[in-house]
Amino acid sequence: MRKFRTKAIILLFALSLINTACFETEKSESDNSAIIAALIQANYIEVGGSWQIGYYSGGSDGGVFGTAAITAQSWIEQGMQKLTIVEIDNANRKLYYQASADDSSNPSKYGRIDWTAIHSNSCPSSASRCFEYCQIVYGKNTLAEAKSDPATSNPSAIKTNGCNGFGYNYMIP
């Protein structure tokens, strides 16, 4: 988080210098706010952090099976998949990714992950907070194919069949 904050501060300072020193036209306060919001959004993912991964099966908690580290640039599940995030839509809780070249199932392919808001009610293993996610689109040759895929996840069936006929995975601290 510190690394991101430092980059953001440097970038914002540089933008303010450019804005005041180089441009003769005046920018409105709303223009500046929009630029800052876009920069923050591009380097932020709501579910960023270190997590334990679990899954739901048949309506029940299937247990924890691994760990993950999520940043605005990557979604890495230790010993499993390494995804490079190419686009984040925090408002709709979707991200598009490209799998690593050494991925055993879909090398260099594109896909989409949908997630729920982080919450503190009914979390598995009595965790203080959690979120659920569904890798709904995968194995696409291009980002355009992944983005145009009509597949939808169903967050009202998280524990049963809302993710391609299966329960969602979940993450807890």
Original post:
Just for the stretch 53-73: of the residues that are open to solvent by less than 30 Å² (accessible area, probe 1.4 Å) and under 14 Å from the mean Cα position of the chain (by Cα), which one is farthest from Asn164 (Cα to Cα)?
Top reply: Ala72
Original post:
Looking at Asn141, is it over 18 Å from Gly66 (Cα atoms) and over 19 Å from the mean Cα position of the chain (by Cα)?
Top reply: yes
**OP:** Report the residue count in the stretch 89-112 for those that are modelled with pLDDT under 95 and of a type in the set (A, V, I, L, M, F, W, C).
**Re:** 1
Original post:
Any residue at all in the stretch 125-136 that is open to solvent by 20 Å² or more (accessible area, probe 1.4 Å) and within 28 Å of Ser100 (Cβ to Cβ)?
Top reply: yes
**OP:** Mind telling me which of the residues Ala99, Ala157, Ala146, Ala151 ends up being small (Gly, Ala, Ser), touching a residue at least 40 places away in the same chain (Cβ under 8 Å) and open to solvent by less than 70 Å² (accessible area, probe 1.4 Å)?
**Re:** Ala146
**OP:** Kindly indicate whether any position in the stretch 122-136 is among the acidic types (Asp, Glu) and over 22 Å from Gly54 (Cβ atoms).
**Re:** no
Original post:
Any chance the stretch 28-47 includes a residue that's at pLDDT 95 or above and outside any loop (DSSP other than H, G, I, E, B)?
Top reply: no
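The values are calculated or read from the model by the stated rules, or taken from the named source; none is laboratory data. On a predicted model such as this, the values are computed, not experimentally measured, just so you know. Virtual Cβ from ideal backbone geometry, glycine too; neighbours counted across all protein chains shown. Heavy atoms of the whole protein, side chains included, go into the accessibility calculation; ligands, DNA and RNA do not. Shrake-Rupley method; radii C 1.70, N 1.55, O 1.52, S 1.80 Å.
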